[in-house]
Amino acid sequence: MASDYTRGEMDISEQHGMFVGVMKAGVSCTLILTYSIVFLTFAFATGTGWFTSLGIALAVGVIGGVIMKQGPWYWLTTGVLTVLTGIIGLAIAVFAG
């Protein structure tokens, strides 16, 4: 068995595909986490308004997504988070008076 081995002739396309997928998922998760941390920091730690914080975080998310050339799942996740955060902000404003 070992004598049949020739260095560099193994098909590694499946391993390469898995590696690329894991790296893309890691980058996307890191950018989403950064988006969330920026929003929460500006909204609660600096006293910046809810929607101003959302705008700053969205700018960070869009710039990071463009620089890192993210795919449609990143943009969908960022959009859903932005819409949900906006709805929650409106609900807080309505109920808080």
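Values quoted throughout were computed directly from the atomic coordinates according to the rules given, and no laboratory measurement underlies them. Bear in mind the structure is a predicted one, so any value in this text is a computation, not a measurement.
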Measure nothing but the geometry: give the 0 to 90° angle between the long axis through the Cα atoms of 72-96 and the longest principal axis through the Cα atoms of the chain, rounded to 10°.
20
Gap separating the Cα centres of the range 48-96 and the range 1-38, nearest whole Å:
29
Helix 50-67 axis, angle to the chain major axis (alpha carbon atoms, nearest 10°):
20
For the range 10-19, 3J(HN,Hα) per residue [Karplus equation, 6.51 cos²θ - 1.76 cosθ + 1.60, θ = phi - 60°, Hz, x = Gly/Pro]:
6, 6, 10, 5, 5, 5, 5, x, 5, 4
Values of log10 I(q)/I(0), in the order q = 0.11, 0.23 Å⁻¹, for the range 15-96 under a Debye, Cα-only, solvent-free model:
-0.34, -1.05
